[in-house]
Amino acid sequence: MDHFDWCGAGFGTSMMQAPFAAVLREATSVLGVAPTIADGPFVRWYAGDRLITVRPSSAGSTSVVVEDAAAAADEEYRDFESSPDSALPYRWRADDIALLPDGTYLPGERSIDGFDALGAVMTQTLATLYETTAALGEGRSEAQLHVWYADPAHDALARPDRWAARRKTSLTIAFKAGAGKIYVMPVGARALAERISFPATVENASAAAASLLGQIVATGAPDPTALRQDSLLYVERRKLALSPFALGIRQMGLNA
């Protein structure tokens with residue numbers, strides 16, 4: 001299929017013989033910017049009672065799925081409630097919260113036991129974040145995952161002092177027009193001087209995950225339940241709230 005009726009297509013799956021990035025541009029020109037991006041990767045729009053999902057397929061083609069939005073939301077909710085971690089529909093998602101329909105279901109945090117288990121999930125999360133930023137096309141996209149140890153000793157400090165005292169580690173995945181860097185760095189004045197840089201590849205996303213985990217363990221955090229995260233995905237000039245819920249790390253603003 002060379003043309004798709006974005007506004008009038010009925011429920012079902014269609015294959016477009018065009019690259020994923022090109023189909024995204026066409027869909028955006030008709031439907032506006034997409035509220036949701038998730039690993040897979042897939043991009044979704046809400047159009048009245050329809051949920052429109054675009055994802056890359058084999059041999060350079062692109063799949064477009066149109067579903068009843070309410071029925072799809074119910075099925076996804078049941079999947080997250082009943083599926084093991086290995087069979088989740090997706091492990092992270094990024095949303096423009098203001099564009100989501102009222103009542104949209106967002107998955108809750110999972111439970112991670114121990115740093116070994118966290119390391120495996122973090123590797124998969126960061127690898128798929130890289131794959132997604134690469135698949136979005138030639139414009140700039142960037143994922144920022146901020147993780148830190150919420151040391152109870154800092155709770156009694158005033159907010160500016162608490163922010164300064166937290167031991168924070170930041171992972172940034174950047175991609176632009178086929179090239180980019182992955183950085184693991186502390187947040188703060190020494191970030192640029194102490195950052196570790198990797199060429200942006202799936203393999204190096206895994207290496208960056210191992211480096212990040214090593215820095216997290218070095219903060220003295222006793223286990224993953226003591227960690228907090230605050231994460232974003234930038235697509236062009238848009239800022240989306242990134243929810244890496246599979247990591248099992250509570251969401252908290254860096255300045256909270």
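Key figures for this structure:
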{"read-out": "Simple spin-label estimate for Arg110 and His154 in nanometres, 7 Å along Cα-Cβ", "value": "2.6 nm"}
{"read-out": "Three-way shape call for the stretch 1-51 based on the alpha-carbon gyration tensor, with the a/c threshold at 1.5", "value": "rounded"}
{"read-out": "Inter-site label distance for Arg250 and Ser29 at 7 Å from Cα along Cβ, in nm", "value": "4.8 nm"}
{"read-out": "Dipole magnitude (debye, nearest 20) for the chain, charges at Cβ of Lys, Arg, Asp, Glu", "value": "1140 debye"}
{"read-out": "Global geometry of the stretch 17-101, whether rounded, prolate or oblate, following the gyration tensor of its Cα atoms and the 1.5 cut on a/c", "value": "oblate"}
{"read-out": "Check: the stretch 1-113 dipole with +1 on Lys, Arg Cβ and -1 on Asp, Glu Cβ, in debye", "value": "380 debye"}
{"read-out": "Cα-based shape type of the stretch 48-162, given that a ≥ b ≥ c are square roots of the gyration tensor eigenvalues and the cut on a/c is 1.5", "value": "prolate"}
{"read-out": "Potential lengthening between Arg195 and Ala120 on full extension [0.36 nm per residue; Cα-Cα distance subtracted]", "value": "24.8 nm"}
{"read-out": "FRET E, pair His3, Glu81, Förster distance 30 Å, beta-carbon r, rounded to 0.05", "value": "0.20"}
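A short reminder: the numbers here are calculations on the coordinates, not readings from a lab. What you see is a predicted model, and the numbers here were worked out from it, not measured in a lab. Because the Cβ atoms are built from the backbone with ideal geometry, glycine has one as well, and the counts that use them run over all protein chains shown.
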